[in-house]
Structures are given as structure tokens and as C-alpha cells.
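First up is the structure itself, then whatever we jot down about it.
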Amino acid sequence: MIVDASAFVGEWPFRRLLYTTPEKLLRKMDELGVEKAVISRLENVFYKDLLVGNRELFDIVHQHPDRFIRAYTINPAFPGWEEDLEICRNDLGMRVLRLHPNYHAYRLMDECNIALMKTAQQHGFVIIITIGMEDERHHHWLAKVPDVDISQITSLVNSFPEIRFLISGGKYREVTAVWNGAGKRDNLFVEVARVQGPQGDIEGLCKLMGADHVLFASHLPLIVPESPKMSIEMAEIAEADKQKIFSGNAERLYGG
């Protein structure tokens, strides 16, 4: 069994992508042997009114509840986010919340996000912090968006040790820096979709943080998902640890 800990459905404004619709995404999941995927609406990276994308996500998952898990997007820097959050929680069944602080132009330790985290902690939400969406060399020349400041991530994780955090879309040096900077790590997880190196990256992560904190993710439709899958399959680690990375840890994170 494989659980995809972080993926998207929808279109990207700067290039044509495959697997952008629910049907195409499901077909790719079947090819990969992925039983379930945690998905967010890709357009919510850029939408101002995120509730539009979140409602669309609700409808998509409602049609495929056995295959998809919703991760709604909230922008705490946008006026009215509190109402959006209540609608997502009360009407749309929010359990997982995704943040894009770089694309939404706020810092994780800003007062607005601290207020959001306090609410998230109160309701037991899982928080996905998305470090980056794609290699900066591929960014549109009018939309250069640096990855999220790692020091801000570690500060937030250390400020809310009871929240379950998934660090998503990070490179090897970024996710290891977050881990090394964290105080309490029981509720801290990383996914490997954009890690992709150096050689022995999966082995290195397991040695540093233990296989219990590493998750498979595809980052579909933005990257080739076979790459992170093969990295885990070919890693020189125990088969039991591979199964944790492919599904067990995601079940524990999202089901706990």
C-alpha cells in the first residue's frame, strides 16, 4: 500500500502539466500503486479568494472519498481568513491545512499566522508547510518566489510543539535544517518529493531523523512522481522502513 502525503489537483499558470484533473490524477495514482493521496487545489497558490478553490476541492474529494484526503489552503494575511477557516472547518470538514507563506507574502511568525496556528492547535489540524513549489530556475521571470525561510519554519515548529507538522516541497538541505533546528520532534514529519539528492538521500534522512518521520509524496502534477518513488524503493534500508515511508507514517500523521 502507498499513501501520497502531498499532491495537488488543478492547473499551473506558467506551463502545461499532465495529471491536472481528478480523473487523470487517479489514473496516475493507479499506475504508481498509490491507494490514497492528500490533495490541495493547485490554483489556491495564486487565488485571492481561496474559498473558491477549497469548495472545488471539497466537491472533488466528495466524489472520490476512498482515494483523496482534503488539505485546504488558508492565507492568514488575507482579510477574512477567519471566516474562511470556519467555513472550511464547519461546512467542508477540514482536518488538514496547507500553508504557502512565500506565495501568499507573509512570514510564518507574523502575528496573523500565529493566530491561525493557535486555532489550528485548538482543533487538532495537521499543518502542511510548503517550502517551495518548483525549482527556482523554472520560475517565470516575473514571478520569482524564493523558498520559505527555514529559520521561520523552525521557530514556528518550536513555538507549537503539539501541532503535527509536515514539511513539504523541500530540498534535502532544507528539510534536514528544519529537523536540526527543531526542539521537540515527535510531531514533525518531512516528505521527499523534492528532496531528490544527494546520493543516498533517503538513507541520510532515515539516519538523521529515523524512518518514522519520513513520508512518500509525489508533488503531482508539478514533478515526475516516479523519481521519489524509486528513491525509496532503491534505498538501502529495511523493507519495514520502506513500508513506513510509503504508507505507515502517513496513516499515523493524518489519521492520528
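The values are calculated or read from the model by the stated rules, or taken from the named source; none is laboratory data. Every value quoted in this text rests on a predicted model; they were computed, and no experiment measured them. Here the Cβ positions follow ideal geometry from the backbone for every residue, glycine too, while neighbour counts run over all protein chains shown.
Assuming G93 fulfils every condition listed in (1) small (G, A, S); (2) under 19 Å from the mean Cα position of the chain (by Cα); (3) assigned to a loop (DSSP other than H, G, I, E, B); (4) closer than 19 Å to M133 by Cβ apart from one, which condition is it? The single condition G93 does not satisfy is (4). Among the conditions (1) within 21 Å of K36 (Cβ to Cβ); (2) in a loop (DSSP other than H, G, I, E, B), the only one that S227 does not satisfy is (2). Scanning the stretch 131-185 for residues that are among the acidic types (D, E), more than 17 Å from the chain's Cα centre (by Cα) and farther than 21 Å from L215 by Cβ yields a single hit, E136.
For the stretch 198-240, a tally of residues being of a type in the set (D, E) and in contact with a Gly (Cβ under 9 Å, 6 or more places away or on another chain) returns 2. Hey, does the stretch 211-221 have a residue that's part of a loop (DSSP other than H, G, I, E, B) and more than 15 Å from the chain's Cα centre (by Cα)? No: the stretch 211-221 contains no residue that is part of a loop (DSSP other than H, G, I, E, B) and more than 15 Å from the chain's Cα centre (by Cα).
Is the stretch 8-31 home to any residue that is under 18 Å from F125 (Cα atoms) and outside any loop (DSSP other than H, G, I, E, B)? No, the stretch 8-31 contains no residue that is under 18 Å from F125 (Cα atoms) and outside any loop (DSSP other than H, G, I, E, B). Within the stretch 227-241, none of the residues are within 22 Å of V96 (Cα to Cα), modelled with pLDDT of 95 or more and not aromatic (F, W, Y). Looking only at the stretch 157-186, residues that are outside any helix (DSSP H, G or I) and not polar (S, T, N, Q) come to 16 in all. Filtering the stretch 98-145 to residues that are under 24 Å from S218 (Cα atoms), surrounded by 15 or more Cβ atoms within 10 Å (Cβ to Cβ) and out of contact with any Leu (no Cβ under 8 Å at 6 or more places or on another chain) leaves R98, H100, N102, Y103, H104, I131, G132, H139, V145. When V52 is tested against (1) under 16 Å from the mean Cα position of the chain (by Cα); (2) free of Cβ contacts under 8 Å to residues at least 40 places away in the same chain, exactly one condition is not met: (1). For beta carbons closer than 6 Å, sequence separation of 6+ or different chains, a first residue in the stretch 133-156 that is within 23 Å of W12 (Cβ to Cβ) and in a loop (DSSP other than H, G, I, E, B) and a second that is modelled with pLDDT of 95 or more and of a type in the set (S, T, N, Q), the qualifying pairs are V145/N102; V148/N102. Against the conditions (1) at pLDDT 95 or above; (2) surrounded by fewer than 17 Cβ atoms within 10 Å (Cβ to Cβ); (3) farther than 20 Å from E191 by Cβ, F14 satisfies every one except (1).
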